[in-house]
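Below is one structure, written out as structure tokens, with a few remarks after it.
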Amino acid sequence: MSIQFLLMPFPTELQAGATIDKTTEIRDVSPDGRLRWFLFFFLFTSLSCSGVEPAAELFQRLTGAPLLNNDPRLSSMRAHIAAGQWGDAARTASEDDRFFHTTLRNFSSALSNRKESPFVPFSDFDALILGVVRDDTDARELLTGNYRYQADATLGLPTPTLSSPKHYRNLEAQGINLRESLVKRTPQWDEVGDAAGLLTTYQWASEHFLAGTNRRSTEFAFREFLCAPIKKWRDFGQPDFRIRRDVPRTPSGSAETFQTECRSCHALLDGMSGAFANFDFQDGSLRWGRSWIAPKMNQNRTVYPKGYPVTDSSWINLATEHHNQDFGWRTSVEGYGVNTFGRMLAESKGFSRCMTSRVFFTVCRGETPDSKFIETLAEDFETKGYLLRSLFERVAIHCTLELK
């Protein structure tokens, strides 16, 4: 296994046949994050060696750690496997703290930032994913829930706020057991009346509400939760009635450039980005107001005065035709606010396929998923209640049995 492979980030396009053609920038890697990631994949290299029995391999795939011969769980997992009870064997492994501290931590962190790097500090974004998985909660709530996970108050950490990530930084820095210490708190934020799980965490805001025009939040919502970079869902055939006033209609003096290039992305991005109109990230703080429109939504309004003015949080999804029918939308494709937007994403077929593909990449690192297998497992994921931990277990079982 090459060093370049060890440094590869999670790919955005996680469909069958996906390839990775870049490496993570080392300057962004913290010592703790680098150690966690390298140990995780150093241990995975042993899975390709001959003589690794199924119980040990299954445990290692789920936890990133070896199962010692004198560990009583090894005998238990062997017995389950011998009896054909692979699910019980996998559940034994996923109860290990390292499933949460290593495997899930790597899974969640790569979704939490623009560089898609796992080498970032622990955040409320990570805590929400870990909590939802631990409690076997419907994963659709990751994009719709009005709650957060934080450390138990008895641990004496600073209270989570809209203006500081210290609570979560300290939680990790003190080496506190994440699986045991996280508690659910409702609502997510007292000051925010339109909660949408990961999309309204402090971490997401610091990455995607900061500066810009909030288009980035729409772009990355598709990228992270539907595994769809914008080059895959841009559509040249959509109308431009929602494109804002800051987009020139004759870039570099060419109206043709706007019609053939700019419109294909902006028609879709601008149509949906109104969902984030009430949000901003200023001076290190997440800001929200029910009747307040972030000024950046209407910045540079004189570039094309006849463009669309943002006056509320309404949004419309125009990515519904041609190749974009593959997203499999099942709920309303228009609405108001980020919660309805998050629900549209979470209810789509694309969400289930993306989560399945991401789990496959995490557990079966270096292998290319079969599209039919992903489709089948995504349907099973939905049928069984959108439980991410069970999805991790089923993928790990598949990899242990089939990838030799």
Members of the stretch 164-187 that are surrounded by 14 or more Cβ atoms within 10 Å (Cβ to Cβ) and of a type outside the set (A, V, I, L, M, F, W, C):
SER164, PRO165, LYS166, HIS167, TYR168, ARG169, ASN170, GLU172, ARG179, SER181, LYS184, ARG185
Options ALA277, ALA205, ALA267; residue that is buried (at least 19 other Cβ atoms within 10 Å of the Cβ), touching a strand residue (DSSP E or B) at 6+ places or on another chain (Cβ under 6 Å) and farther than 27 Å from PHE360 by Cα:
ALA205
Looking at SER273 and the list (1) in a helix (DSSP H, G or I); (2) on the phi > 0 side of the Ramachandran plot, which single condition is not satisfied?
(2)
Looking only at the stretch 280-298, filter to residues that are surrounded by 14 or more Cβ atoms within 10 Å (Cβ to Cβ), without any contact (Cβ under 8 Å) to a residue 60 or more places away in the chain and closer than 30 Å to THR250 by Cβ; which one of those is nearest to the chain's Cα centre (by Cα)?
ILE293
Any residue at all in the stretch 324-337 that's aliphatic (A, V, I, L, M) and buried (at least 22 other Cβ atoms within 10 Å of the Cβ)?
no
Looking at the stretch 183-194, is at least one residue at pLDDT 95 or above, within 18 Å of MET297 (Cα to Cα) and not in a strand (DSSP E or B)?
yes
Selected residue (only one of PHE225, PHE241 is outside the structural domain of ALA378 (by TED's automatic domain parsing) and surrounded by fewer than 21 Cβ atoms within 10 Å (Cβ to Cβ)):
PHE241
Restricting the search to the stretch 137-164, which residues are in a loop (DSSP other than H, G, I, E, B) and in contact with a helix residue (DSSP H, G or I) (Cβ under 6 Å, 6 or more places away or on another chain)?
THR144, GLY145, ASP152, LEU157, PRO158, PRO160
Helices (runs of 4 or more DSSP H) contained entirely in the stretch 296-404, each with at least 2 residues that are more than 21 Å from ASN214 (Cβ to Cβ):
349-363, 371-383, 388-402
Taking the condition at pLDDT 95 or above and in the same structural domain as VAL247 (by TED's automatic domain parsing), does ALA151 pass?
no
So in the stretch 195-211, with the set limited to residues that are among the polar types (S, T, N, Q) and part of a helix (DSSP H, G or I), which one is nearest to PHE281 (Cα to Cα)?
SER206
For the stretch 299-313, give me the residue count where each residue is crowded, with 17+ Cβ neighbours inside 10 Å and of a type outside the set (Val, Ile, Thr).
4
Counting only helices (runs of 4 or more DSSP H) wholly inside the stretch 72-112, the ones holding at least 3 residues that are under 16 Å from the mean Cα position of the chain (by Cα) are 105-109
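The values are calculated or read from the model by the stated rules, or taken from the named source; none is laboratory data. Remember, it's a predicted structure, so these values are computed and weren't measured experimentally. All Cβ positions, glycine included, derive from the backbone under ideal geometry; neighbour counts span all protein chains shown.
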